[in-house]
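Working notes for the structure below.
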Amino acid sequence: MDSDWAKIYESENMVKVELARHTLKDAEIETVVINKKDRSYGFGEYELYVNRDMVIRAKKILKEFDFE
């Protein structure tokens, strides 16, 4: 992944990651979700990334909506 992106949220639950992504999208913050979950064994997580310039703003927004 390009060094301009920073991981700000991760979860084993894809629904939580998608809710966080949509919350940030509503705030006009571009996001990328990476699936690091193993299909065979069911372990791993989904990771949510934003541009490094938006990390502080994105974290504040997610904190307001209790994504921690």
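What follows is calculated from the coordinates using simple rules that are stated; it is not laboratory data. As the structure is a computational prediction, the values presented were derived from the model and not from experiment. Cβ atoms come from the backbone with ideal geometry, glycine included; neighbour counts cover every protein chain shown.
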Item to check | chymotrypsin sites (Phe, Trp or Tyr not before Pro) lying in DSSP loop within the chain, provided at most 12 other Cβ fall within 10 Å | outcome: Tyr41, Phe43, Phe65
Checklist entry - Where nothing but the Cβ of Lys and Arg (+1) and of Asp and Glu (-1) is charged, how large is the charge dipole of the chain around its Cα centre, in debye to the nearest 20? => result 60
Item to check | Calculated FRET value between Ile56 and Leu19, using beta carbons and R₀ = 25 Å, to 0.05 | outcome: 0.75
Checklist entry - According to a simple spin-label model (label point 7 Å from Cα along Cα-to-Cβ), what is the distance in nm between Glu30 and Ala6? => result 1.7
